[in-house]
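Please read the structure below before turning to the comments.
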Amino acid sequence: MRFKFTVFLLALNVITFGLIAYLNKQANQVQPELGGLSGQIGRELLDADRIELHGRGLESPRILERKGSTWTITQPMQWSANYFAINRILNQLQFLEEDASFPVDEIEKSGQTLADYGLDDPLLRLVIAEGEQTISLSIGTLTEIGNNVYLLGPDGREIFVVNRQVIDGLLVDLNDLRTREIFDIPVFEVDALGLQIRSESTADGSSLKVRLARNNGTWRFEAPLAAKADPALVDNTINTLTAAKVVRFIEGNEADPILQGLETPFMQVTIHGNKRRQTLIIGNLDPNAKGPPQYFAKLEDNPAVFTLMARPFDALREAQEALRERNFINFNHATLSAINISENGRKIRLQKLETGDWQVLESKGEDEIQPHRADPAIIQQLMDELSNLRASGFAVDAPSPTDTERLGFNKPRRVVTLSFVQGDPLVLTLAHPEEDNEALYAKTNQADFIFQVERRPTLQIVPLNTSYYRNRTLDTLPSSARISSLQLTQLETGETIFDYTLPKDSIRWDNLLEQLEGQRGPHIRVLIDAIRDFKVKSYLLDNYADAYPVDSEKTLPWIFKLSATIQLPGGGTYRTEKREYVFTKRLSGTIQVAGSKQHNAIFEIPQPLLDALYELTDDMETPPEAQAGNPVPAPETIAPVAAPGVIDSKISE
C-alpha cells in the first residue's frame, strides 16, 4: 500500500512540473493578438541584458550589455553607456505603438516582397536578448504617407507601421550614447588613492609614488612617507577626481598612444573601492584643445582614448605636500595640567589648580616664585591657538642631527611643554637659524618632522611675559558691598573734579545720578562699575611707582586719582575700606596708563573707562562760535576755479 502511494506522489510531481514547463513556454510565445507590438516586446525589454544594433544605417554594429543595473557599450568600443540615453531608448521601445499592421503572407499574395518595404536589407536590425533567448526587429524604409517607417515584428510574420521617432532614438550619436563619467566607483566607497607621477627633474625619468589610505575615517599617507593627511583636502580631491568628465573621445583613426604620451604617461591615478580599483592613465597635453588645457587619457585595460581637463590633475603634482595635515599639535584640553614656556633660562609656568582655575608663576632669582591668578580667557585662547597651529611648509621629513643644528634647534627660541594628568608631556620646540630674521621652524616630540610656521604670529601665541597671562580682573567687590562715596581729583593742582557721597543707606547711585546736571551721569556710572569690577587692558609693571617709568630715562606723572569708599557688611556693623587708582594723561585714543598701590601694579585701562575719564576731565574750551546763543556763521563762498587755458600743441624748433 505504501509503495502504491509513493508511486502516486511521484506521478503527481511529474505532472505538476510538466504543467509548469508548458505554461512557461506558453508565456514566452509571442502572441500578436495580445497588446500589439508593445505587448510582444515589452516583457523582453524589461528582462533584456543585451541589445544589438546592426544595419546599413550604422557605420559599425553597436552592442550594449547590462550587468546589474549598469549598461556598457562593448562595440564599437568598450565604455559605460549613458544611463539616461539607454533608458530613453528602452522607454520608446517599451511603449511603441503601431498605426497599422498587416501579415507578411498578404503582401506575398499581392506580389510584393520584404524588399518593397526595405526589410530584406533593413536600415536597422534590433536584437533584444536575455541570456540565450533573443528576439529581432527590422526597420525598413519610410512610408509614402506620414512620418512613419515599416517594422518587421519579432516573429517575422507581421509588418507594423510605426512612428519614425523610433529610428531617431536608435540612431542616437555615439557620443550621446557614451557617458562622460570616467570613474564609476562612488565617493563613499573610496578607501585609498594612489598616484604615480613621473619626475621631470630626474635623468632616468623615475616616478614618485604617493599612496593615501583611509582607516576609521582618518586619511594617512602610506607613501612616500608615513604621515597624517588633511581629511577635508583629501575628500575634496577625491570628489574632484570622481567628478572628472570626458571632454571628447578620440576615434580609432586618431589614436596614437606614443604620440599622445600614453605609453610613458606622466601620471597614473588609481582609486580603490570595495575589492575593486580603477586606474586612469594620463599622457601629454592635447595640442588641438580649445579653451583650457586638456590631457590625453585612458583607463587601464580599456583601449578608449579621450581628453580631460588638465587643471585637477596638475594640482596633484605636489600632492605629497598639498594634501598633508598641517595641524601638527593635538591634545585634550580637559586633561591639561600645566604649560611651561621657556627661552634661554627664562621660564613661565602656567599651572591648573584643583579648583579648575589657573595661575601663572614666574621665577625671580633662583628660588623666589611669585604666583598670580591667570586669566581664564587668555589660557583658553592659548590652548585653542596651540591646537590650531598650522604648518606653512614642511622643511625636513627625516631630520638628521646636522639638520636640527642647521635650523637652530640647538638654541631654540621657545620651548613649550604641555603636561597632562596622565601620559607623557607634549613638547613643542620653536627655532630658527641665528642669522635668519624671517623663518621659524617647529618640531614636537611626537614626530620626526620639522615644520615651517609663520614666525611673528606663532611667537605671539606664547609670549615670555608673565603680565600677559595675568587675570585681567584686578579687583572685584562682593555683591553685598556698598560704594558710599566717589571722588576724582586733579593731582597736579589739587582740584576736586567731583566728589559724590550717598547721604543715606537707602539712597542708590541711580537716584543720585538722575539729579546730576549735564551729561555726567552715564560717565559716573562707568566709574562706579569699574570700582565694583575693575578690569585691566594689559599689565605693564608688577611694581607700583610714584610715576610711570616709560623707560630708564623718562617717566610720566600721575595726573588724576579716583578714590572710592567701600562699606562691607560684617557682623552687625559695616567695615569701611578705600580703593584708589591713579592715572596718567591720555596718551592716545586707546592708551591711558593707571596704577594701584594697593595691588602693586601698573597697567593700561580698557576703552570704556578711558573714554569716561576723558569726558569728565577734558578741559578743552568750546570755540566762541559754538557756544550757546551765538549764531554759527555761514561759510564763505569759494570762488570757482577758472578753466585752464588752451595748450599750444605746436612745438617750436
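What to note about this one:
- Separation of the residue 121 and residue 331 label points, Cα + 7 Å toward Cβ, nm: 8.6
- Helix-only CD estimate at 222 nm, as mean residue ellipticity for the chain, using -39500 (n - 2.57) per DSSP H run (n ≥ 4): -6500 deg cm²/dmol
- Computed on the chain, with alpha-carbon pairs under 8 angstrom and 6+ residues apart, the relative contact order is 6 percent.
- Computed FRET value (nearest 0.05) for residue 226 with residue 315, which takes r as the C-beta separation and R₀ as 25 Å: 0.65
- Burial ordering of 489, 134, fewest other beta-carbon atoms within 10 Å first: 134, 489
- Computed from label points 7 Å out along Cα-Cβ, the spacing between residue 50 and residue 437 is 7.9 nm.
- Between 0 and 90 degrees, the angle of helix 36-47 with respect to the longest Cα principal axis of the chain falls at about 50 degrees.
- Two-site FRET efficiency, residue 563 against residue 538, from Cβ-Cβ distance with R₀ of 30 Å, rounded to 0.05: 0.80
- Beyond 23 Å in Cα-Cα separation lie the following of the pairs 352/443; 504/561; 209/275: 352/443; 504/561.
- Between the range 144-190 and the range 534-554, the Cα center-to-center distance that results, in Å: 88
- Whichever lysines have a C-alpha closer than 23 Å to that of residue 290, once near sequence neighbours (fewer than 8 apart) are set aside: 245, 298
- Multiplying the residue separation of residue 510 and residue 264 by 0.36 nm and subtracting their alpha-carbon distance yields 80.0 nm.
- From the alpha carbon centroid of the range 225-298 to that of the range 343-364 is 55 Å.
- Long-range tail of P(r) for the range 482-533 (Cα pairs > 16 Å, %): 43
- Which of 500, 469 has the fewest Cβ neighbours within 10 Å, and the rest in rising order: 500, 469
- Where labels lie 7 Å past Cα in the beta-carbon direction, separation of residue 38 and residue 587 in nm: 8.9
- When only Cα pairs below 8 angstrom with a gap of at least 6 residues are kept, the range 333-469 shows a relative contact order of 27 percent.
- Distance from the range 420-486 to the range 53-112 (C-alpha centre basis), Å: 74
- Linear extension gain, residue 424 paired with residue 141, 0.36 nm per residue minus alpha-carbon span: 93.3 nm
- Net length gained if the chain between residue 554 and residue 274 were fully extended (0.36 nm per residue, minus Cα distance): 93.4 nm
- Residues in the range 151-182 that a label on residue 107 would reach, taking backbone N under 15 Å of a point 7 Å out along Cα→Cβ: 151-163
- On the beta carbon distance between residue 547 and residue 189, with R0 = 56 Å, the FRET formula returns roughly 0.15.
- Cα long-axis angle, helix 607-617 against the chain (0 to 90 degrees, to the nearest 10): 40
- Between helix 376-387 and the chain: long-axis angle, C-alpha atoms, 0 to 90°, nearest 10: 40
- Its convex hull of Cα atoms gives the range 187-322 a direction-averaged projected area, equal to a quarter of the hull surface, of 8.9 nm².
Here, each number is a calculation from the coordinates, and none is a lab measurement. Keep in mind it's a predicted model, so treat the numbers as computed, not measured. Quick reminder, even Gly has a Cβ in these numbers, built from the backbone with ideal geometry, and neighbours come from all protein chains shown.
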